[in-house]
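Notes to accompany the following structure.
The values are calculated or read from the model by the stated rules, or taken from the named source; none is laboratory data. Because the structure is a prediction, the values reported are computed rather than measured. When we count neighbours, we look across all protein chains shown, and the Cβ atoms used for this are built from the backbone with ideal geometry, even at glycine. Surface accessibility is based on the protein's heavy atoms, side chains included, excluding ligands, DNA and RNA. Shrake-Rupley method; radii C 1.70, N 1.55, O 1.52, S 1.80 Å.
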Amino acid sequence: MPPRKPPSSPLSFPPLYEIRHRNNRISRAVEVIILCLLFLLITYRLISLYSHRGGGGFLLFPWFLALVCESWFTFLWILTVNSKWNQIDTHTYPQRLLQRVKDGTVELPAVDMFVTTADSDLEPPILTVNTVLSLLAVDYPASKLACYVSDDGASPLTFYSLLQAAKFARLWVPFCKKFNVAVRAPFQYFNNGPECSSLEFQHEWKEIKGEYSQLCAKIEDASKKPMIFDLTGEFSEFTKIEKRNHSTIIKVIWENNESLTHGDEVPNIIYISREKRLKHPHHYKAGAMNVLTRVSGVMTNAPFMVNVDCDCYVNDPKVVMRAMCILLGAEDEKDAGFVQFPQSFYGALEDDPYGNQFKVLMKYMVSGFAGIQGPFYQGTGCFHRRKVIYGSSPNKKEGESDKDIMLERYGKSKDAFVWSVVNILSSQSNNPCETSPPICMNSLEAAYQVAHSGYEFGTSWGYQVGWIYGSTTEDMLTGLTIHRKGWRSALCDHKPFSFLGCAPTGGPAALTQQKRWATGLMEILISNNNPIVGTSLGRLKFRQCLCYLWFMAWPMRPIFELSYSLLPAYCIFTNSHFQPKVNEGVVAIAIPSSIFIIYNLYTLFEYVNAGESIRAWWNNQRMQKVTSSASWFLGFLSGVFKVVGFSDTVFEVTKKEHYSDGAANTEQPDDGTFTFDDSPLFILGTTILLVNIAALFIGFVDYVRKEKVGWSLGEVICSVWVILMYWAFLKGLFRRGKYGIPWSIILKSGGLAFLFLHASKFVH
């Protein structure tokens with residue numbers, strides 16, 4: 001069922017947002033044609049099985065394997081068509097909300113803002129600083145905002161950087177609001193010259209830029225010389241600290257206070273490094289988010305929360321108002337359990353050489369999810385209802401629960417935290433806390449209690465409450481848990497993009513990130529939290545279940561895609577075939593040929609329609625195959641090993657790059673050139689390439705020496721296509737350094753290719 005349109009208010013106010021359905025009839029028609037052709041191909045395979053049983057069965061094997069793989073591809077295509085069928089766009093009207101605020105019919109609610117960072121080496125503090133500064137400067141009353149920064153690395157450098165950023169914020173935030181600055185992350189804003197010609201603006205612009213340069217210089221010096229600040233006073237708690245074994249550190253870096261100069265213009269800034277002990281699991285980012293939720297609950301307790309990664313800055317100062325248009329304007333609050341802004345990236349390389357910018361995915365797939373039960377939670381750029389994170393179900397008044405039950409489910413903080421939970425769950429409005437309360441010593445003491453490493457023992461945190469544990473993709477699992485309770489989510493996609501993040505650059509970084517995602521998806525799929533259980537026993541809609549399965553299928557896809565990639569080579573090695581021959585009829589050849597041509601033209605049209613180049617389309621086609629054979633396959637193995645108890649999964653932080661002085665927008669000579677290292681990620685892809693090269697060579701020799709061969713032109717075309725998909729690997733065979741495949745990988749892959757060749761001959 002498509003999402004309900006927001007109503008106008010009884011006082012004839014226009015709606016705060018509108019839902020518009022896209023006209024995608026042509027795309028639907030092409031998708032149905034492809035689906036029909038896939039069914040025809042499967043039918044032909046089944047009918048022809050009997051005629052391919054000769055030769056002791058070896059002719060039947062490739063035909064049957066092709067049938068299995070193509071059946072899987074058909075299933076995937078059904079999931080794809082389901083996801084894209086009902087695409088919608090959501091348009092918000094912040095000016096209408098402002099008018100209602102002026103009229104006194106609406107009171108803007110408080111919002112707690114969460115920023116997470118885990119490693120100051122992989123995630124430079126200057127990135128975190130810019131993200132925080134962009135959040136502090138949004139167009140929203142500062143008294144209703146509080147910014148919490150979670151530092152899982154317990155880095156004194158990160159804390160020092162935030163202290164310096166808070167001083168700069170007293171100049172930056174008033175400047176942005178005075179001149180209505182569009183981009184409020186300083187490192188991006190100062191890449192260009194002043195956009196206003198007035199003398200006052202130019203004077204202040206130069207002054208602020210000078211202050212920002214000093215801020216960067218201080219952080220840079222501190223990063224090179226860690227002892228630039230003494231570990232005394234405010235830094236005493238960082239003395240001899242261990243990243244994985246330390247007590248809680250909570251610092252109120254800045255408090256919104258009208259008695260100070262510009263004090264009422266800068267929101268609260270709170271630094272948190274939760275307690276970690278070696279004997280207690282800390283659950284990576286999900287654990288950090290739950291600590292942020294509890295600490296903010298006892299300190300400011302805003303009814304809404306927004307979380308962003310440390311590299312994801314605010315690109316639209318009206319982003320909070322846009323989210324409030326949906327959260328406050330929904331006819332029923334269950335229609336907007338959370339509001340997700342799509343991920344977009346700054347400084348992105350031209351033509352998406354690593355296939356990790358996801359522009360087409362966001363434009364078609366995610367907007368299609370929005371037309372069913374809502375987009376999945378992407379882990380950043382998302383606004384949450386606090387009551388939803390607390391495990392509330394739609395239209396259920398949990399605030400009437402017995403206090404003993406509340407204590408058992410939410411914790412043992414005696415009064416402060418349980419009171420904050422009751423206050424949120426029992427409220428019938430969006431404003432249980434109209435303005436963030438002043439921070440006092442009592443709330444700080446309670447904050448230390450709820451950030452304790454053992455606080456969650458005996459509670460429902462991580463299982464029914466908060467961010468859900470059990471997967472390295474805690475965002476997908478948490479969003480799925482919210483949807484299975486009956487909540488809907490909303491997508492807010494508009495230009496300019498509301499949030500911009502940093503995409504990994506280089507082959508190893510991009511593939512490592514995908515491996516973590518695939519591992520997490522596999523963990524969800526094999527657990528009791530999978531979407532099939534959510535539909536059977538929960539309130540997850542069937543079509544939304546299929547949308548989630550499209551993602552959960554990522555780690556399963558390599559099994560079939562690798563088999564299909566090796567099948568042409570196998571047929572050439574064994575003098576057999578899996579593609580129809582000329583003597584089997586024109587129709588038999590036309591079916592797979594039509595699928596290949598129509599599908600590629602269809603995906604090319606999607607990329608061009610999304611404003612992407614043909615080169616970007618080609619890069620994404622190649623990287624999908626590379627990602628499947630590398631990241632997704634290892635993610636599949638990680639999930640299997642976890643099930644059988646061989647190993648446990650590890651959360652791998654992706655390295656973030658920071659460019660200054662406009663370098664992010666200046667393409668370097670080697671940008672986009674695929675890079676390699678000695679990681680196992682590259683073994684399988686290199687093996688597939690070597691196998692198909694060997695197949696073409698052997699096939700050419702056999703064709704010259706024999707009058708008749710069992711394989712057809714179809715197998716040759718497929719092998720050539722596979723080699724084109726791994727073109728970056730082919731070039732890597734002849735390069736050295738980081739752009740070349742290491743000899744250790746080549747030797748391992750060569751050994752596997754040799755084994756495959758002889759195994760094929762043995763089976764034959």
With a 1.4 Å probe and all protein chains kept in place, how much accessible area does residue 542 have, in Å² rounded to the nearest 10? 130 Å²
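Could you calculate the contour length gain from residue 28 to residue 91, that is, 0.36 nm times the residue separation minus the distance between their Cα atoms, to one decimal place in nm?
Taking 0.36 nm per residue and subtracting the Cα distance, the gain is 20.3 nm.
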Taking 367-375, 575-583 and ranking on average Cβ neighbours within 10 Å, highest first, one gets 367-375, 575-583
The pairs in 102/387; 178/285; 359/738 lying past 30 Å Cα-Cα in this model are 178/285
I'm checking a number: the convex hull volume of the Cα atoms of the range 138-212, normalised per residue, in Å³. What is it? 107 Å³
Stokes-Einstein diffusion coefficient for the range 47-161 at 4 °C in a medium of 1.567 mPa s, Rh from the Kirkwood formula over Cα pairs: what value in µm²/s? 62 µm²/s
Quickly work out the residue 708-to-residue 724 label distance, labels modelled 7 Å from Cα along the C-beta direction, and quote it in nm with one decimal. 3.1 nm
I'd like the carbon and sulfur percentage of the solvent accessible area for the range 185-317, probe radius 1.4 Å, heavy atoms only, ligands and nucleic acids excluded. 49 percent
Mean shadow area of the chain over all directions, Cα convex hull, nm²: 35.7 nm²
Run the simple label-point estimate for residue 121 and residue 105 please: 7 Å along Cα→C-beta, distance reported in nm. 5.7 nm
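Taking 8 Å as the Cα distance limit and 6 or more residues as the minimum spacing, I'd like the relative contact order of the range 253-361 as a percentage.
Rounded, it is 11 percent for the range 253-361.
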Listed peptides 294-303, 690-699, 465-474 by packing density, highest first (mean Cβ within 10 Å): 294-303, 465-474, 690-699
In debye to the nearest 20, the charge dipole size for the chain, taken about the Cα centre with +1 at each Lys and Arg Cβ and -1 at each Asp and Glu Cβ, equals 2020 debye
As a quick test, which of the pairs 144/541; 240/279; 240/318; 334/363 have an alpha carbon distance above 31 angstrom in this structure? 144/541; 240/318
Would any residue of the range 62-81 have its amide N under 16 Å from a label point 7 Å out along Cα→Cβ of residue 698? List them or say none. 62
Which value, in Å² rounded to 10, gives the accessible area of residue 274 with a 1.4 Å probe and all protein chains present? 10 Å²
Among 675, 111, 711, which residue has its Cα furthest toward the positive end of the charge dipole of the chain, with +1 on Lys/Arg Cβ and -1 on Asp/Glu Cβ? 711
Which FRET efficiency value, to the nearest 0.05, do you get for residue 747 and residue 673 by plugging their Cβ-Cβ distance into 1/(1 + (r/R0)^6) with R0 = 30 Å? 0.80
Say R0 is 56 Å: what FRET efficiency, to the nearest 0.05, do residue 221 and residue 614 get from their beta-carbon distance? 0.75
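Please report, as a whole percent, how much of the solvent-accessible surface of the range 682-760 comes from carbon and sulfur atoms (probe radius 1.4 Å).
Of the solvent-accessible surface of the range 682-760, carbon and sulfur hold 74 percent.
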Tell me the volume per residue, in Å³, of the convex hull enclosing the alpha carbons of the range 268-397. 169 Å³
If I fit a long axis through the Cα atoms of helix 416-426 and take the longest principal axis of the Cα atoms of the chain, what angle between them do I get, 0 to 90°, rounded to 10? 70 degrees
Round to the nearest 10 and give me the degree value, 0 to 90, for the angle of helix 557-574's Cα axis relative to the longest principal axis of the chain. 20 degrees
What number comes out for the charge environment of residue 278, summing +1 per Lys or Arg and -1 per Asp or Glu over other residues with Cβ under 13 Å away? +3
Using a 1.4 Å probe, what is the accessible area per residue for the chain, in Å²? 42 Å²
What area, in nm² and to one decimal, does the C-alpha convex hull of the range 542-637 cast on average over all directions? 9.0 nm²
Return a whole-number percent for the relative contact order of the chain, with Cα pairs under 8 Å and 6 or more residues apart as the contact set. 17 percent
Quick one: helix 441-450 against the long Cα principal axis of the chain, what's the angle to the nearest 10°, folded into 0 to 90? 20 degrees
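Please arrange 736, 385, 28, 100 by accessible surface area, largest first, computed with a 1.4 Å probe and ligands excluded.
736, 28, 100, 385
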